[in-house]
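Here the structure comes first, spelled out in structure tokens, and everything after it is commentary.
The values are calculated or read from the model by the stated rules, or taken from the named source; none is laboratory data. Please read all numbers here as calculations on a predicted model, not as lab measurements. Please note: Cβ atoms are built from the backbone with ideal geometry, for glycine as well, and neighbour counts cover all protein chains shown.
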Amino acid sequence: MFKKILIANRGDIAVRIMRTCREMGIETVAVYSKADAEAAHVLEADEAVLLGESEPLKSYLNIDRIVDSAEKANAEAIHPGYGFLAENPDFAARCETSGITFIGPSSRVIRDLGNKTVARTMMEKAGVPVIPGMLTATKDASSLCNEAERMGYPVLVKAASGGGGKGMRVVSGKEEMEEACLSAMSEAEKAFGDGSLYLEKCLESPRHVEFQILADQHGNAVHLFERECSIQRRHQKIIEETPSPAMTPSLRNAMGDAAVSVALASGYTNAGTVEFLLDLSGRFYFLEVNTRLQVEHPVTEMTTGIDIVRKQLEIAAGNPLTLKQEDIIQTGHAIECRIYAEDPEANFFPSPGTILVHREPSGPGVRNDCGVHEGFEVPMEYDPILSKLIVTAGTREAARMRMVRALESYVILGIRTTIPFLIDVIKSLEFAKGETCTDFIARHFENWSQNMAGADLARIAYVVDELTAVKRPAAATKEKGWPTPWETLGEWRI
Amino acid sequence: MFKKILIANRGDIAVRIMRTCREMGIETVAVYSKADAEAAHVLEADEAVLLGESEPLKSYLNIDRIVDSAEKANAEAIHPGYGFLAENPDFAARCETSGITFIGPSSRVIRDLGNKTVARTMMEKAGVPVIPGMLTATKDASSLCNEAERMGYPVLVKAASGGGGKGMRVVSGKEEMEEACLSAMSEAEKAFGDGSLYLEKCLESPRHVEFQILADQHGNAVHLFERECSIQRRHQKIIEETPSPAMTPSLRNAMGDAAVSVALASGYTNAGTVEFLLDLSGRFYFLEVNTRLQVEHPVTEMTTGIDIVRKQLEIAAGNPLTLKQEDIIQTGHAIECRIYAEDPEANFFPSPGTILVHREPSGPGVRNDCGVHEGFEVPMEYDPILSKLIVTAGTREAARMRMVRALESYVILGIRTTIPFLIDVIKSLEFAKGETCTDFIARHFENWSQNMAGADLARIAYVVDELTAVKRPAAATKEKGWPTPWETLGEWRI
Amino acid sequence: MKYRLKISEETAALDVSVSAGKQNAEFTIGEKAYSVRYRTIPDHCLHMIVDGKGVNAFVADGGEGKHVFLKGKSFLVRDADQLSSRRAKRRGPDQTPGDVTPPMPSVVVRIMVEEGDLVKKGQGLIVVTAMKMETTLVAPSDGRVKKINTSIDAKVAPGNILVEVEEEENE
Amino acid sequence: MKYRLKISEETAALDVSVSAGKQNAEFTIGEKAYSVRYRTIPDHCLHMIVDGKGVNAFVADGGEGKHVFLKGKSFLVRDADQLSSRRAKRRGPDQTPGDVTPPMPSVVVRIMVEEGDLVKKGQGLIVVTAMKMETTLVAPSDGRVKKINTSIDAKVAPGNILVEVEEEENE
């Protein structure tokens, strides 16, 4: 096993990876930007290296600097986390040529599966159902229009090198098609340097169901069951759970087998996720493979008892997978909510700033994978994710009620968060019924605003705080008093 | 289901029960003593009632006051937690006659099983193996001596109405026997108002293995597997785990069946624990039944996914147990450490006082059932338990390493705790091997003291704190500045 | 004591009578009366018993008021009287309702108008980005772009006036 | 700067040179040298980089020194110089090495001697209880019980002198 690894990421996921490393006796090297000198992942690591300025390109996306830091620190492997360079084939290739183990699949696999049309072709060959659509991408708007006509509207315009909803358009009729192609092409060109597009048939109210897979370097592959991630905002998942309320044992077997086929067909190694769409009739279609650890991996961990990061490290070190498919059992139900620094009352505007008070929820079945702490100034340069709150319980309903309790006791003051919005979603009758599909939020929570129940109590608390303020001068000034010294930045290692 | 219940307890267990209540939509009434006006369980409850002065007899042991409080608050049931009145048959009987549901077995069952010799007789009849020993208690020292001669030394002298090691003596030879009986009798008389004693054969290095049982009011009973609780100090468990490193599938079945037989033979309802001793040859003997929720119940919860408190409430409300034995599956391994306010370097002296800093450990597989918070003054009147730290992981070794990480990141300043001692025990080769028996601590950790590795760093931290103190006046004075107002005490309810 | 406290756009009048030294107070808000006992728990927590029910509030002082946490919700509570006097002050000669300011700390990525341009209410003027999300700031009213005080890649914060739009007479 | 810091019974001398304003310092303790960078993290946490390795310490001021938490261990670190001057002060005319004081806040449950009794070193004098555990306080030396300053059920705390034992001349 590795003695020391570098984690090329920040926040909640860097902290989470380091914790497993510590438990395995592996030393950790954090990297950080100027904005993150006091970030949680820096405090958690054994060593920390400053990458540079706060802009991602100068820090967490700076391949040269990261590989160089790993070499200097004698780290034998790099864990990319998710986001940033996690699915960048050039980064994986650079690690490979530098003799540093990249904790993930090979650069070839990342490149193949990163190209949506290459992946689609590969899966069709392997007998995995794919959404009806084009197998080659093009920049020719008129051929896209013809194809759409043939396929029948509504269609989905997607970027060949897509991600995060960029370059994606739902087109419901002929008259919108050309304009949609042109704007999607320009967006994709800007975002990925590749404006080529392809079309997929647009499913009606599909569910997003994905399977966690593990594949070693010796040809063994298993899946760890599904996660349902249908609750999304702007193509970003916000609530995930397992098991999926839509799943039956036979469907689970069929989809699980398909996921393992995907792993074997692509030559996959390490942990990955095969995403499917599931339509109302119970048919499923291959969507794409995420060639990395997934934000929602904890719901799988909490119901299977398997530490996925530990498995990633074992696989990357060349250990054979000793888990057999039949030994993997799922018990109970788990739900994850992503806690974002966004203002849900103001169209989910990002809300960076200083966290004045931070009290994490706790108790039976509650896990909070957190990347921030009290006093931390959440930077505006990065993803707004603050933490992932996960609960597990015996049944979906018990897990749902546990999530309500956990969300209601999660105190974050100073910045806006999505917590009040999530409470209303989790409490809703529709969520309780398990009627989750990818247009759930648009359908039920458009123009949400916080109801004013509790406003009187909040006003009372204001006054009580005034009444007692004299007696706690320390507490009142504390958050303003803390200094941000050490402006002289540099590497910590010698 | 109940709409409102009263929790006749304090600290970690009261908080833990309230959390499940909240998840089930049940309102909670806390009771508290003068010393506990700012205690965690008071903050967690929907309502809180002052019982009286801090002395247990005037507060948490005051049956009249507690039942009266439940009636006034319209609580339909009382959960006794563990300790205090949890195994007091008079309290259960008082609830029964007052028409309040006691969340536990009937007063008759508590009384029967509370008398060790009655329980032994009952179990012998039911075909459950008991430790060779007397079935009737006596106050006649000479007949005890004769019996010991017949049984063969070493023998265990035990009080018929015993508990917590009081009135208990290990006697290794004839010459000590009479003196041991007389002193045990006097101790038992003082502690329980009943000086009668009986003898048991003394096993060599036995393991303490117990089974969690659930039994409803409709004749259904199941077990939730075993817990190994061999790591004890002065007959007090300090580390518990499941599965037991000594268990085999066939032994587990045999002991589980015996535990369920105990439940059925005694007419048991609700959650309970059947304790056994397991000797070196793999023979097991009935020890006693704990007729309440156990401190170590979380290790069972974390490996079976079953919320035992939820089951207690469902059973008490008259719901039938829908769990079938074959549906109950255990995955992974869980370990619990009890965090006590004791000084492990000073013969485990109690260490009450104010908690200046409190940072709980977190991360995958970590649960901390805690009854204190920063700024809380741990009272000297009650049990020194501060929290129960529980971890779960795929294997015993992974759980052990996770526990080390969790203990090492649990910050409690201001009072002494058993954390450094627990770290050394968990890290020890003997614990790693699973060679746990009831004399483990006496054998391996007699006269433990904290090693001084890290002393230089602590001195450096002292100086750095001095260097930076000026810059954080607020933080430095905070713990001293907080007021303890509201000295006018009374009920909160109207 | 009397307070006028504003949450979002709703202002309510509070009448408070405190029992000296006793850590309890009677509140009247509109038609409703509340009987409140309270104690402070370190750190930032107020434990209140409101009409017999326990409530834990967390309070922190922010720039424009107090942030109050209550059961998963977070309210920004502001003193309406202070607020109006502060507003009155701020609306000095160099500040007008036509000022465009970012809602959060962010970076300017696009400027879509030039000084002197005529713009319509709601028209996009400037795009800022924070946390990987782009937000378009729009004209608060019909008018003419009087001044642009920023440039591409500039780091900006709430309160910074990025664009000044002058209302036209004939609006 | 020089410090003499005591943990348990071990005192060590520290030589510290601080780089002004730079949040780093060089330490020498005995033969060992440490290069330390540090920053304060709210609340109570010191993040130090000691010879390149990250260390999180939590520090709180206690009565007799600072409580320092490091990786699961908690040390009471005391300034040896302050300590000896404080001790010198405390050993005034009304305090002697024969004083018996409880190690923790507790309640007196039994008093086993009377004023005037002759006692042997290690003999039990008084039993106190805290957290359901009884502890016997013993005579610090051979001598005579000069004074008993407490009674059954009294709440007592460290520093309270419960029994005064006077050493006999012929000891």
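Here are some conditions: (1) within 11 Å of chain C (Cβ to nearest Cβ); (2) closer than 30 Å to A:Gly104 by Cα; (3) of a type in the set (Lys, Arg). A:Arg367 meets all but one. Which one does it not meet?
That leaves (1) as the condition not met.
Restricting to region A:31-52, and then to whatever is out of contact with any Gly (no Cβ under 8 Å at 6 or more places or on another chain) and among the aliphatic types (A, V, I, L, M), can you tell me which residue is farthest from A:Asn74 (Cα to Cα)?
Out of the qualifying residues, it is A:Ala35.
How many residues are assigned to a helix (DSSP H, G or I) and crowded, with 24+ Cβ neighbours inside 10 Å if we restrict to region B:384-404? Steps first, answer last, please.
So in region B:384-404, the residues assigned to a helix (DSSP H, G or I) come out as B:396-404.
Restricting the remaining residues to those that are crowded, with 24+ Cβ neighbours inside 10 Å gives B:399, B:402-403.
The number of residues fulfilling the criteria is 3.
Being more than 12 Å from chain A (Cβ to nearest Cβ), surrounded by fewer than 16 Cβ atoms within 10 Å (Cβ to Cβ) and small (Gly, Ala, Ser) is true for just one of D:Gly21, D:Gly30, D:Gly65. Which residue is that?
D:Gly30
Suppose we filter region A:380-408 for residues that are of a type in the set (A, V, I, L, M), more than 7 Å from every other protein chain (Cβ to nearest Cβ) and out of contact with any His (no Cβ under 8 Å at 6 or more places or on another chain); how many remain?
Residues meeting the conditions: 8.
Looking at B:Thr242, B:Thr248 in this structure, which one is buried (at least 22 other Cβ atoms within 10 Å of the Cβ) and assigned by TED's automatic domain parsing to the domain that holds B:Glu342?
Working: B:Thr248 fails: buried (at least 22 other Cβ atoms within 10 Å of the Cβ).
Testing whether each residue is buried (at least 22 other Cβ atoms within 10 Å of the Cβ) and assigned by TED's automatic domain parsing to the domain that holds B:Glu342 leaves just B:Thr242.
Spot the failing condition for A:Arg227; the list is (1) touching a strand residue (DSSP E or B) at 6+ places or on another chain (Cβ under 6 Å); (2) basic (Lys, Arg); (3) on the phi > 0 side of the Ramachandran plot, and only one is missed.
Failed condition: (3).
Given the conditions (1) modelled with pLDDT under 95; (2) closer than 30 Å to A:Met401 by Cβ; (3) more than 18 Å from the chain's Cα centre (by Cα); (4) not aromatic (Phe, Trp, Tyr), report the number of the one that B:Ala75 does not fulfil.
So B:Ala75 meets the others, but not (1).
Looking at region A:407-421 only, could you name the residues that are at pLDDT 95 or above and small (Gly, Ala, Ser)?
A:Ser409
Considering only residues that are at pLDDT below 90 and not hydroxyl-bearing (Ser, Thr, Tyr), which ones fall in region A:127-140?
A:Ile131, A:Pro132, A:Gly133, A:Met134, A:Leu135, A:Ala137, listed by residue number.
Could you go through region A:111-121 and let me know if any residue there is farther than 30 Å from A:Met1 by Cβ and surrounded by fewer than 17 Cβ atoms within 10 Å (Cβ to Cβ).
Taking region A:111-121 first, the residues farther than 30 Å from A:Met1 by Cβ are A:115-121.
So of that shortlist, the ones also surrounded by fewer than 17 Cβ atoms within 10 Å (Cβ to Cβ) come out as A:121.
Checked region A:111-121: at least one residue is farther than 30 Å from A:Met1 by Cβ and surrounded by fewer than 17 Cβ atoms within 10 Å (Cβ to Cβ).
Within the bounds of region B:228-242, is there any residue that is of a type in the set (Gly, Ala, Ser) and part of a loop (DSSP other than H, G, I, E, B)?
no
Name the pairs whose Cβ atoms lie under 8 Å apart, with the first residue in region B:241-254 and on the phi > 0 side of the Ramachandran plot, the second modelled with pLDDT under 95, and 6 or more positions between them or separate chains?
No pair meets every condition.
Quick one: in region A:375-406, which of the residues that are hydroxyl-bearing (Ser, Thr, Tyr) and farther than 13 Å from A:Glu241 by Cα is modelled with the highest pLDDT? I'd like the intermediate steps shown before the answer.
Residues of region A:375-406 hydroxyl-bearing (Ser, Thr, Tyr): A:382, A:387, A:392, A:395.
Restricting the remaining residues to those that are farther than 13 Å from A:Glu241 by Cα gives A:382, A:387.
Values: A:Tyr382: 94, A:Ser387: 97.
It comes out as A:Ser387.
Is it the case that some residue within region A:195-206 is without any contact (Cβ under 8 Å) to a residue 40 or more places away in the chain and farther than 29 Å from A:Ala263 by Cβ?
For region A:195-206, residues without any contact (Cβ under 8 Å) to a residue 40 or more places away in the chain and farther than 29 Å from A:Ala263 by Cβ: absent.
Taking the condition of being among the acidic types (Asp, Glu) and touching a Ser or Thr at 6+ places or on another chain (Cβ under 9 Å), how many residues in region A:129-152 meet it?
From region A:129-152, those among the acidic types (Asp, Glu) are A:140, A:147, A:149; that's our starting set.
Imposing the further condition that a residue be touching a Ser or Thr at 6+ places or on another chain (Cβ under 9 Å) reduces the set to A:147.
Counting residues in region A:129-152 that are among the acidic types (Asp, Glu) and touching a Ser or Thr at 6+ places or on another chain (Cβ under 9 Å) gives 1.
Being out of contact with any Lys or Arg (no Cβ under 9 Å at 6 or more places or on another chain) and within 14 Å of chain A (Cβ to nearest Cβ) narrows it down to one residue among B:Ile5, B:Ile26, B:Ile17, B:Ile78; which is it? Reasoning before the result, please.
Values: B:Ile5 fails: within 14 Å of chain A (Cβ to nearest Cβ); B:Ile26 fails: out of contact with any Lys or Arg (no Cβ under 9 Å at 6 or more places or on another chain); B:Ile78 fails: within 14 Å of chain A (Cβ to nearest Cβ).
Checking each option against the conditions leaves just B:Ile17.
Under the condition of being facing chain A (nearest Cβ under 8 Å) and in a strand (DSSP E or B), which residue from region D:41-59 is surrounded by the most Cβ atoms within 10 Å (Cβ to Cβ)?
The selected residue is D:Cys45.
So which residues in region B:421-459 are in a helix (DSSP H, G or I), closer than 18 Å to B:Leu407 by Cα and more than 8 Å from chain D (Cβ to nearest Cβ)?
Correct list: B:Phe421, B:Leu422, B:Asp424, B:Val425, B:Ile426, B:Lys427, B:Leu429, B:Phe431, B:Ala432.
Which is buried (at least 21 other Cβ atoms within 10 Å of the Cβ) and over 21 Å from the mean Cα position of the chain (by Cα), of A:Ala263, A:Ala254, A:Ala259, A:Ala180?
Matching residue, one of A:Ala263, A:Ala254, A:Ala259, A:Ala180: A:Ala180.
Right, C:Tyr38: facing another protein chain (nearest Cβ under 8 Å), surrounded by fewer than 20 Cβ atoms within 10 Å (Cβ to Cβ) and either of a type in the set (Ser, Thr, Tyr) or more than 28 Å from A:His358 (Cβ to Cβ) (or both) or not?
The answer is no for C:Tyr38.
Do you know which of the residues in region D:68-85 that are free of Cβ contacts under 8 Å to residues at least 60 places away in the same chain, at negative phi and not basic (Lys, Arg) is surrounded by the most Cβ atoms within 10 Å (Cβ to Cβ)?
Per the criteria, the residue is D:Val68.
Considering only residues that are part of a loop (DSSP other than H, G, I, E, B) and crowded, with 18+ Cβ neighbours inside 10 Å, which ones fall in region D:123-160?
D:Met131, D:Ala139, D:Pro140, D:Thr150 - these are the residues of region D:123-160 that are part of a loop (DSSP other than H, G, I, E, B) and crowded, with 18+ Cβ neighbours inside 10 Å.
Just checking, which of B:Ala119, B:Ala92 is within 23 Å of the chain's Cα centre (by Cα), outside any strand (DSSP E or B) and free of Cβ contacts under 8 Å to residues at least 40 places away in the same chain?
Step by step, each of B:Ala119, B:Ala92 is checked, and only B:Ala92 is within 23 Å of the chain's Cα centre (by Cα), outside any strand (DSSP E or B) and free of Cβ contacts under 8 Å to residues at least 40 places away in the same chain.
Take B:Glu200 and tell me if it is in contact with a Lys or Arg (Cβ under 8 Å, 6 or more places away or on another chain), over 28 Å from B:Ile385 (Cα atoms) and surrounded by 21 or more Cβ atoms within 10 Å (Cβ to Cβ).
For B:Glu200, the condition - in contact with a Lys or Arg (Cβ under 8 Å, 6 or more places away or on another chain), over 28 Å from B:Ile385 (Cα atoms) and surrounded by 21 or more Cβ atoms within 10 Å (Cβ to Cβ) - is met.
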